[in-house]
Amino acid sequence: MMRRTLLIALVLLAALLLQTSLLPAVAIAGFRPDLLLMVTAIVALRDGALPGLRVGAVAGLLTDLLLSESHLGLSVVTHVGIAHVLVLVRPYLTTSSPFLGPAVGFTTAFVGTLVHGILSILLADSLAGAATLIVSAVALGIWATLLWPLVDSALGRLLEAVPADVPAEAG
């Protein structure tokens, strides 16, 4: 019953390890993809509201605790917000176009980076200018566009192999 939860926890741990060990080595101009945000987006699109929001909260907390120097909870708000918006637009993303996934990846990374940056500036956590914020949002969007097909297909196969957790009936 908890196999799906364990699988997603292992996926988040693997994404965290890749993000901290491998991706800094392939960063272009200091920008590296945000795998935890991509996992959040994919789970929200594939599994719906509650799993997407849960994964967003955990991925955001991992980001806040281990990857960023911003206020605790800032990435949680960003990840959960992105998951919520994706769940809302999910019914309208029914096309089978091969460009839809990468477009969603770009938009997710772009908007997530902008929201995180704006909140960070409002909390006086960062003094980055608008130009720097837009450049970083575009760079992370490009990374997400390039990696989305790979991450989506790998995570999709894993999620299809393990059925969703079904809560026990109250009796």
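The values are calculated or read from the model by the stated rules, or taken from the named source; none is laboratory data. Because the structure is predicted, anything quoted here is derived from the model rather than measured. Because the Cβ atoms are built from the backbone with ideal geometry, glycine has one as well, and the counts that use them run over all protein chains shown. Ligands, DNA and RNA are excluded from the accessible area calculation, which covers all protein heavy atoms including side chains. Shrake-Rupley method; radii C 1.70, N 1.55, O 1.52, S 1.80 Å.
Compared with the alpha-carbon gap, the fully stretched path from Glu69 to Ala27 is longer by 13.3 nm at 0.36 nm per residue. Across the range 75-171, the volume of the C-alpha convex hull divided among the residues equals 146 Å³ per residue. Both numbers refer to the Cα atoms of the chain; Rg and Dmax are 15.9, 57 Å.
A Cβ-based charge dipole, computed about the Cα centre of the chain with Lys and Arg at +1 and Asp and Glu at -1, lands at about 240 debye. Relative to the longest principal Cα axis of the chain, at what angle does helix 35-47 sit, 0 to 90 degrees, rounded to 10? Taking the Cα atoms of the chain, the angle to 35-47 is about 40 degrees. The residue among Ala57, Thr108, Ile121 whose Cα reaches farthest toward the positive pole of the charge dipole of the chain, with charges on the beta-carbon of Lys, Arg, Asp and Glu, is Thr108. Taking the protein heavy atoms of the chain in the context of the full set of protein chains, the accessible area attributed to carbon and sulfur is 73 percent at 1.4 Å. Enter the Cα centre distance for the pair the range 42-71 and the range 122-165, rounded to the nearest angstrom. Cα centroid to Cα centroid, the span is 11 Å.
Dividing the Cα radius of gyration by the Kirkwood radius, what Rg/Rh value follows for the range 10-82? Show your work: numbers first, answer last.
Values: Rg = 11.9 Å, Rh = 12.3 Å.
Over the Cα atoms of the range 10-82, Rg/Rh equals 0.97.
Calculated accessible area for the range 90-153 comes out at 58 Å² per residue, all protein chains present (probe 1.4 Å; ligands, DNA, RNA ignored).
Relative to the dominant Cα principal axis of the chain, helix 3-21 is inclined by about 20°.
Among Pro33, Pro51, Pro91, which one shows the highest mean-square fluctuation when the chain is modelled as a Gaussian network with alpha-carbon springs under 10 Å? For the chain, modelled as a Gaussian network with Cα springs under 10 Å, the answer is Pro91. Counting only the Cα atoms, the range 76-127 fills a convex hull of 65 Å³ per residue. R0 = 25 Å: FRET efficiency of Val162 with Ala14, Cβ-based, nearest 0.05? The pair Val162/Ala14 has a calculated efficiency of 0.95.
How high is the relative contact order of the chain, given as a whole-number percent (alpha carbon pairs under 8 Å, six or more residues apart)? Write out the running numbers ahead of the final one.
Numbers: 197 pairs, mean separation 44.6, N = 171.
Relative contact order, the chain: 26 percent.
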